[in-house]
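Novice: Would you mind keeping the following structure in view while I ask a few things?
The values are calculated or read from the model by the stated rules, or taken from the named source; none is laboratory data. Because the structure is predicted, anything quoted here is derived from the model rather than measured. Please note: Cβ atoms are built from the backbone with ideal geometry, for glycine as well, and neighbour counts cover all protein chains shown.
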Amino acid sequence: MNDTNPETLPEAEANIELQEQPPPVPVKEPTENEREEATFDRLQIGRQEVKAELSKVIIGQEEVIDQILLTLLCGGHCLLTGAPGLAKTLLVKSVAQIFQLKFQRIQFTPDLMPADITGTEILSDTPEGRKLTFVKGPVFANIILADEINRTPPKTQAALLEAMQEHQVTAAGERHVLSEPFFVLATQNPVEMEGTYPLPEAQLDRFLFNVLIDYLPEDDEVAVVQQTTAKLEKTIDPVFTSEDALAFQNLVSRVPVTEEVVRYAVRLTAASRPDDPNAPDFIQSWINWGAGTRAGQALVLGAKAMALWYGRAHVTPEDIQKLAAPVLRHRILLNYRAEAEGVTVEKVIQQLVETVPENTQE
């Protein structure tokens, strides 16, 4: 007689099957080099997609777009100078959509207060009673468009510039950290327009690039008018994430650069100072104030981002030269003689690039 209980068979079979399963294979963590290569490949694949998405709504302005994207890759901030009505808001908002970042626009006016930017404390009712609660301002976003920053007094300008530098705001003695990535693009009207408060040199120096945006050529302007007066609505599809943006910024800092290229950037910066013994004669004649150390840092960091953006793992002197204008144009102050002679900052920078040798042997 068989004493086996049939009710125990399924349990016994299950135990046998459980015992026969192979042990799980441990997942191999990617090395640092493998992670960097994956990030590099993702950037190269997505670069063309970014251009394609932006071309849906932005016509022309390729150089402006590249310099804004380079600023974001560097983790810096950008000053955009140009007349109103040149699609600055649309461009910055589109970049935020591509990276899936929170976007805020702040319209700077003469009556704007610092608390309107950073936030303020209000008295609110809670279960524990009435207490002060901090209400975050529009600066608590990933991408900030500070529109017409030179329309507001210096006190309010300083509130934003402090957030740019420290990536935090302080209210009622409490520190509030801003989310990362944090990117400010500030637009300003040309200084000769009425009702402006020019940014001091020390505050201008906090912007990595100063990008000039000009009117489009006739064909591009015709295309803009045709597109904006039709009912065609084009949407921007995301390409990257905020995590990608942070990974790209980390990768930019790891791009190798030779000492020779760094020395070239430093010499180019130092040559813009009229009190430097190696400054060219035209600098001593036309310049009142030259670029500081941050300019050299911006040149090298921007050149790293440019090399990475275009698929290279090394920086060349040509990268430094291409970025000389956006890095130096807001860090060089012309004197009265230069203004009287009609000399522009662009001309000075061009002559600097042509004069300063790439290496000391030249």
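Novice: Count, please, the residues in region 44-62 that happen to be touching a residue at least 24 places away in the same chain (Cβ under 8 Å) and in a helix (DSSP H, G or I).
Specialist: 7
Novice: Quick check: is even one residue across region 252-265 in contact with a Gly (Cβ under 6 Å, 6 or more places away or on another chain), closer than 26 Å to Ala202 by Cα, free of Cβ contacts under 8 Å to residues at least 60 places away in the same chain and in a helix (DSSP H, G or I)?
Specialist: Yes, region 252-265 has at least one match.
Novice: While we're on this one: In region 266-287, what residues are exposed (fewer than 14 other Cβ atoms within 10 Å of the Cβ) and not in a helix (DSSP H, G or I)?
Specialist: If the condition is that a residue be exposed (fewer than 14 other Cβ atoms within 10 Å of the Cβ) and not in a helix (DSSP H, G or I), then Asp275, Pro277, Asn278 are the ones that fit.
Novice: Right, something else. Go through region 119-154 and give me each residue that's over 20 Å from the mean Cα position of the chain (by Cα) and crowded, with 19+ Cβ neighbours inside 10 Å.
Specialist: Correct list: Gly137, Arg151, Thr152.
Novice: Here's something else I'd like to know. Just to be sure before I move on: is Leu54 under 15 Å from Arg312 (Cα atoms) and surrounded by 14 or more Cβ atoms within 10 Å (Cβ to Cβ) in the structure I sent?
Specialist: When the stated conditions are applied, Leu54 does not pass them.
Novice: Which of the residues spanning region 73-85 are touching a strand residue (DSSP E or B) at 6+ places or on another chain (Cβ under 9 Å) and not in a helix (DSSP H, G or I)?
Specialist: Listed by number, the residues that qualify are Gly75, Gly76, His77, Cys78, Leu79, Leu80, Thr81, Gly82, Pro84.
Novice: Just to be sure, is Ala270 over 13 Å from Val353 (Cα atoms) and outside the structural domain of Ala247 (by TED's automatic domain parsing)? Don't jump to the end; show me each part of the working.
Specialist: On the way: over 13 Å from Val353 (Cα atoms): no; outside the structural domain of Ala247 (by TED's automatic domain parsing): yes.
No.
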